[in-house]
Amino acid sequence: MATSAFVHLHNHSEYSLLDGACRISEMVDWAYDNSVPAVALTDHGNMFGAYEFYVTAKEKGVNPIVGCEVYVAPDSRNSRDQNQRKPYHLTLIAENEVGYKNLMRLVSVAYIEGFYFRPRIDMEVLREYHEGIIALTGCINGFVPALIGNDQAAAVKNLQTLIDIMGKNNLYVEIQNHGLDLERQAMPTLIKIAEEFELPLVGTNDSHYLSKEDHNSHDILLCVQIGKSFNDQDRLAFENQFYLKTIDEMHQAFKDYPAEVITNTVEIAARCQLNLSYGQNIMPEYKVPDGHTADSYLKDVCFQGLNDLVKSELPNAIEDRLDYELSVIKETGYAGYFLIVWDYVNYARNQGFPLNARGSAGGSLVLYALGVTTFNPIDYGCIFERFLNLERVDMPDIDIDFAPEHRDLVIQYLIDKYGAESVGYVATFNTLGAKQAIRDVGRVLDMPLGEVDRLAKQIPSIPGITIDEALDEAPQFKEVAAEPQNADLMHFATSLEGIKRHVSIHASGIVLANGALTDYVPLFKDKNDRIATQFELQTLAKVGMVKFDFLGLRTLSEVHHCLERVNRKHNLDLKLEDIPFDDQETYKLVGKGFVAGLFQLETSPGMKRVIMQIKPDKFEDFIPIPALYRPGPLDSGMMDSFIRRKLGLEKVSYLHPVLEEVLRETYGVCIYQEQVMQIAQAMAGFSLGEADVLRYAMGKKKADLLKEQEEKFIDGCVGNNISSDKAIEVFEYLQPFGRYAFNKSHTTAYAILSYQMAYLKTHYPREFMSSMMTGESAYSEKIMKYMTECKKLADFFQTEIQVLPPDINSSETTFTVVDRNIRFGLAAVKNVSQGAIQAIVDARLTDGPFDSLQNFCQRVDNSAINKRAIESLIMAGAFDTLGDGHRAQYLSSLDRALKAAQSAQNDIDKGQMSLFSGDDSADSQIQFELDELEEMNYDEKLDSEKEMLGFYLSGHPLEQYEDLLESYATVTSESLYEHRYDAEVYVIGMISEVRVVTTKKSGDRMAIVTLEDLEGSIPMVIFPETYEASRGLIEKNKVIWVRGDISVDMRSKKTDDDGNEIDARQIQVNEVVAIEDLVESKTSSVEVVIPEITIPEPIEQLKKLCVKYRGERDLILRLTNSKFGEIIVQCGGKFRIKDSEEAIKDIKLLFGESTVYRSNRTQRQGDQPRHSVSFN
């Protein structure tokens, strides 16, 4: 290295989490592009990015200096003194492999033992793990510099402690010059004490962003972190000097200081020679019986398992497949991994824990033989190479769902077996996605929420889409983004997009190490005291750690409890694997849309509509449903094409005859990733392993790899006598499908669970629905949905399935089946603890039913239940059946009843009486009369239920308006997410919350409203003009009709069923009408929503109905179209229709229950252009 060189030793990346705006790749590229031979990474308190940095730098030929700016507790890392909240900083650098391991141990201890607002070490632990580490005294907040201004003696003492621990050869006095007054004041003293103690100086720049121009981006990132506006003058802000400066700039910054501050950076860099090995398998060894290797034992277990499953001689196809899979497993060295999974799955099954394997693992016959998966992949065309192959050597990924109450028990089994020091959770990092970046930056820049919302909602709802991709794929987004007022927003959002913003625990990942985890990775502890690796999954794979996936799925608890209830009630021994897959009653129920409670099928009204259109009549019809109902297939029209072809409304065609064999089961539509692979095999002669590389390239949009694969595909097709033009056509057809095609093994595993649940619901509806309500008892909107489903099921089966209110004399903790009905569980009542419920049940079991409020208060252990819990039970209606009073009396008399019970208990304690001695005379009990009060009226009863249960139980204020809801509302709280943004909708509901606010700019008043309907609630925003026009109607408990547009609710967060963050929705209100005035003001037309796939056949029948019910109302058709959204068509002339219940009913029979309503569309201006049609 030349003497004029300089090496940056104090740098922060995005892993400093909202305090670093520099990506690791950018930092390394900067060093490479500027011919700087080395660069350091010293993030705040962690090593989250250390390994990624090491690998990235090595690949570029840059010497990676791995360090950390640790936090040092003022006293002990174990202290939690409020007066010592602010820790000091200290820069530590790993000189070699020993130092790297010690640095990992230090940051692990900082999180696990020393965390107090920040992860902190102390001198004790530094003394234990200092070997191989070089220390720099830190920035102006450092362990030494921070004390110079106020307590120089303490600063010197701290320096002496560091000398004692590190030795003078491994300690440098760090100075910085960012132009700060505190630095200028401290540097002379720092230089002086360095001379006094004969310590070398070193100069650093505390870089937090890449270049000077990134200063504002970093400031905005800080504002996101602390929730401040960019224009706030009092906020935390950095100067514009905290970037990766050039060598010349660093020489200029330290020109007035000793030359060693520059040359020592080069000296330290030369000392730091870190050589880490990676890619090694560091999984613990599975102990196999004597005489076996892991591979031979796995083979024996698999063949034994298959023989038990098949119960006859194994067909050659199965033996060949098993031998092939075992050979791949042997070559990749993962036999031990499979045995470890088999072992803990075996443990779980032996304990009676329900579980379900999902993902690409379903393609493995080995895992089926081991009892990990529940279906034979050969039967369903699931491919092993999608899971594991030699061409794309990724670590195997076996995702297993456990019931939440069992998941930790299985993990504890691993901890007990392999040791707590060898088992850990896995970190995951939340990043600023495209929409989130725009919203965060817009908020920080004080831009109007409506403008930010207008921009963000134009980004397609595709997981992982970037701003640049959205500009290419969404013309409307590109148009809005180009508006001048959005220039700064777009610039900063693009610069910060993808930045790490938060660390959390991976939903399922667990790692095992051969020895202590800290020998391989640094650790951190989350707020729930779970210890996890600081590296995320991709990095762990490079280190050589294999992930084991343990997911918690509440559905499994619900199914488990359902089976227990079925077997107990009906004296059966039914198991999931006993359920037949040819039950036509099950298919009939599902085809009618009874999907509430069914895993993956109840996600939305749109999913329900698709199922009713598909009309499944065999199990294979279940498999594609989750794969089809996703943003990609929906937006591309793929789902509509599939349904039309299945119903015979569209001809099934193939781009090439070879594709028929692959795509026949999906009517010529490419749905599954496995189909992409099979097409490459059939047309281009790829092996399935090679085809998986192609599938991966398409799915991940790897441009270079995709180009290489395209050439290979075309060459292969030509070699099979398929023209290059046809090969290109097929490849271009596959590319978009490759992006959102679904893993068939995954959807098959879930389809099996969905079907099994559907079977239970069909044949044991009470046990099924009570189990679902028990599992969802904390979610009032789910309970409401399931109660509605019970009513529909009762009508469908022509039987009785009521959900009875909570009752202190018959309710248990959970929802239970009582005769032919379902009794509400007490755990769903607010403020009632499990201890209180148990005390109630115990008293009831011991001495029979309660007969009065006094009797209840005297018999239930008062140490387990308090007044608030009893009040909640009364308000929820749980005392209604006692018969000696009513809710108002019970509430008013409760204090006296509790005092009387306490007095009686005191007498018992003194031996003066026995309440339960069998004496029923008046003398044996304290006389008690309820207060004389009027009973609550109907609305008061409903309100009390709503307060305690989260919903109305014995009735609903909107029930009297059910006819209007059917006729005049186009959307409900349940169906809100089925409509596109900007869609105009009508809704009827009761206002449950109103918050009137004042706008910042104009000072006008507007309202934030929650509107409740029969299915849940909808957030709404009413801007000043509309609020002023309808102010008299915006009151709590007022029932109103609303016309508005769907928009993004930026105040709320929401996730889809796969855990992806999606935009929360609200309605932007344009018009409000009192419910009493609705019929008179809003009826001028009949509107019919027609799904695209039903065209054209039912249109002909609609024409006949227009003749049959000819009348005075306009007929409006709202045609849903996958490409253009919604097209509004006004039918005139002879196609005016009568507004009668008979006409409405007949139209609903054609298009579905939620497709017809009344409106006054012809009276309004500003609608989309209408297209007149002529029915011939």
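Each value in this text was obtained by applying a stated rule to the coordinates, not by laboratory testing. As the structure is a prediction and not an experimental result, all values here were calculated from the model. Note that each Cβ is placed from the backbone with ideal geometry, even for glycine, and that neighbours are counted across all protein chains shown.
Tabulated values for the structure
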{"read-out": "Equivalent ellipsoid, the stretch 192-276 (semi-axes from 5 times Cα gyration tensor eigenvalues, Å)", "value": "32, 16, 14"}
{"read-out": "When the stretch 1-142 is reduced to its Cα atoms, the Kirkwood hydrodynamic radius in Å", "value": "15.4 Å"}
{"read-out": "Amide N of the stretch 672-703 lying under 18 Å from the label point, which is placed 7 angstrom from the Cα of Lys726 along Cα→Cβ", "value": "678-686"}
{"read-out": "For the stretch 74-91, Karplus couplings with θ = phi - 60° (6.51, -1.76, 1.60), whole Hz, Gly/Pro x", "value": "x, 10, 9, 5, 8, 6, 10, 6, 4, 6, 10, 5, 8, x, 8, 10, 8, 8"}
{"read-out": "Equivalent-ellipsoid semi-axes of the stretch 577-756, from the Cα gyration tensor, Å, largest first", "value": "32, 16, 15"}
{"read-out": "Convex hull of the stretch 433-498 built on C-alpha atoms - directionally averaged projected area, nm²", "value": "3.7 nm²"}
{"read-out": "Size descriptor, Kirkwood hydrodynamic radius, that averages inverse alpha-carbon separations across the stretch 123-252, Å", "value": "16.4 Å"}
{"read-out": "Tail weight of P(r) past 23 Å, computed on alpha-carbon pairs of the stretch 959-1079, percent", "value": "28 percent"}
{"read-out": "Length-normalised contact order for the chain - Cα pairs under 8 Å, 6+ apart - percent", "value": "7 percent"}
{"read-out": "Within the stretch 587-615, backbone nitrogen closer than 16 Å to the virtual label 7 Å beyond the Cα of Leu574 toward Cβ", "value": "587-590, 598-599"}
{"read-out": "Charge sum, other residues only, whose C-beta stays under 15 Å from Leu1011's C-beta, Lys/Arg counted +1 and Asp/Glu -1", "value": "-4"}
{"read-out": "Cα long-axis angle, helix 605-614 against the chain (0 to 90 degrees, to the nearest 10)", "value": "70 degrees"}
{"read-out": "Taking N as its residue count, the alpha carbon Rg of the chain over 2.2 N^0.38 Å", "value": "1.07"}
{"read-out": "Long-range amide H partners of Glu650 with built H, under 5 Å", "value": "Arg645"}
{"read-out": "Nearest-ten-degree value, helix 780-797 long axis tilted from longest Cα axis of the chain", "value": "40 degrees"}
{"read-out": "Per DSSP, loop trypsin sites (Lys or Arg not before Pro) in the stretch 768-849 with at most 10 further Cβ within 10 Å", "value": "none"}
{"read-out": "Residue-by-residue Karplus 3J(HN,Hα) for the stretch 837-852, coefficients 6.51, -1.76, 1.60, Hz, glycine and proline x", "value": "4, 5, 5, 5, 4, 4, 5, 5, 5, 6, 10, x, x, 7, 10, 6"}
{"read-out": "Distance cut-off 26 Å, percentage of C-alpha pairs in the stretch 802-944 lying past it", "value": "23 percent"}
{"read-out": "HN-Hα J in Hz across the stretch 411-419 - Karplus 6.51, -1.76, 1.60, θ = phi - 60°, x for Gly and Pro", "value": "4, 5, 4, 5, 4, 5, 7, 10, x"}
{"read-out": "Fewest-first ranking of Thr374, Thr91, using other Cβ atoms within 10 Å as the exposure measure", "value": "Thr374, Thr91"}
{"read-out": "Neighbour net charge for Asp895 - beta-carbon separation under 13 angstrom, K R +1, D E -1", "value": "+2"}
{"read-out": "Within-14-Å neighbourhood charge of Leu159 [Cβ basis; K, R +1; D, E -1]", "value": "-3"}
{"read-out": "Ascending count of other beta-carbon atoms within 10 Å, so fewest first, for Ile411, Ile65", "value": "Ile411, Ile65"}
{"read-out": "Potential extension, Glu1071-Asp842 segment - 0.36 nm per residue separation minus Cα distance", "value": "76.9 nm"}
{"read-out": "Cα long-axis angle, helix 24-33 against the chain (0 to 90 degrees, to the nearest 10)", "value": "30 degrees"}
{"read-out": "Filtered trypsin sites (Lys or Arg not before Pro), the stretch 1-68: DSSP coil and at most 15 other beta carbons within 10 Å", "value": "none"}
{"read-out": "Alpha carbon convex hull of the stretch 568-651, volume per residue in cubic angstrom", "value": "110 Å³"}
{"read-out": "Ratio of the Cα radius of gyration of the stretch 57-212 to 2.2 N^0.38 Å, where N counts its residues", "value": "1.03"}
